[in-house]
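First up is the structure itself, then whatever we jot down about it.
Readers should treat all values here as calculations from the given coordinates under stated rules, not as data from a laboratory. Keep in mind that this is a model prediction, so the values were computed, not measured. Counting neighbours? That spans all protein chains shown, and the Cβs are built from the backbone with ideal geometry, glycine included.
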Amino acid sequence: VESKRIEALRDRLERGICGALEGVSVHGFLKNRLPNNLHLSFDAVDGEALLSGLNEKIAVSAGSACISANAESSYVLKALGVPQEKIHSSVRFGLGRFTTTEEVDFAVDYTVKLVQRLRNLHPKIHLDKIN
């Protein structure tokens, strides 16, 4: 039961972010995946600025859980064939037993606004990478 609740929250987070932004990629398998993990990359966004901005209000990490304390690019994403530029702008959201719908909705809103703000800093790069 708890696993299904967390999975529903993860799916809400994914739908909210992917539905509001262009150029978002979901990494990993879309079926038979962990319910508490969502790994996304954002085209036309500086990865360090994204991670820094998100970590002001949301606990996220770069790379896979296996290297979350390491600045090295995720070997898991490399093994999945994810291009280096997407790895650099990827973020892993983790959900847990105490995650609420309100927190997920906040994370969606905050992430969307931050990505839009970062893309607006360099609109030409944004248009080139998205189109």
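Side notes on the structure shown:
- Note, ³J(HN,Hα) from phi for segment 9-15, Karplus 6.51, -1.76, 1.60, rounded to Hz, x at Gly and Pro: 5, 4, 5, 5, 4, 4, 4
- Here the gap between LEU80 and ARG5, fully extended at 0.36 nm per residue and compared with their Cα-Cα distance, gives a gain of 24.3 nm.
- At R0 = 30 Å, FRET efficiency that the Cβ-Cβ distance of ASN120 and ARG33 yields, to 0.05: 0.40
- Computed FRET value (nearest 0.05) for VAL26 with GLU48, which takes r as the C-beta separation and R₀ as 25 Å: 0.75
- Pairs from LYS86/LYS113; LYS78/LYS113; LYS57/LYS86; LYS31/LYS78 whose Cα-Cα separation, in the structure shown, is over 25 Å: LYS78/LYS113
- Put a plus charge on the Cβ of each Lys and Arg, a minus charge on the Cβ of each Asp and Glu, and nothing anywhere else: the dipole of segment 1-63 about its Cα centre is then about 420 debye.
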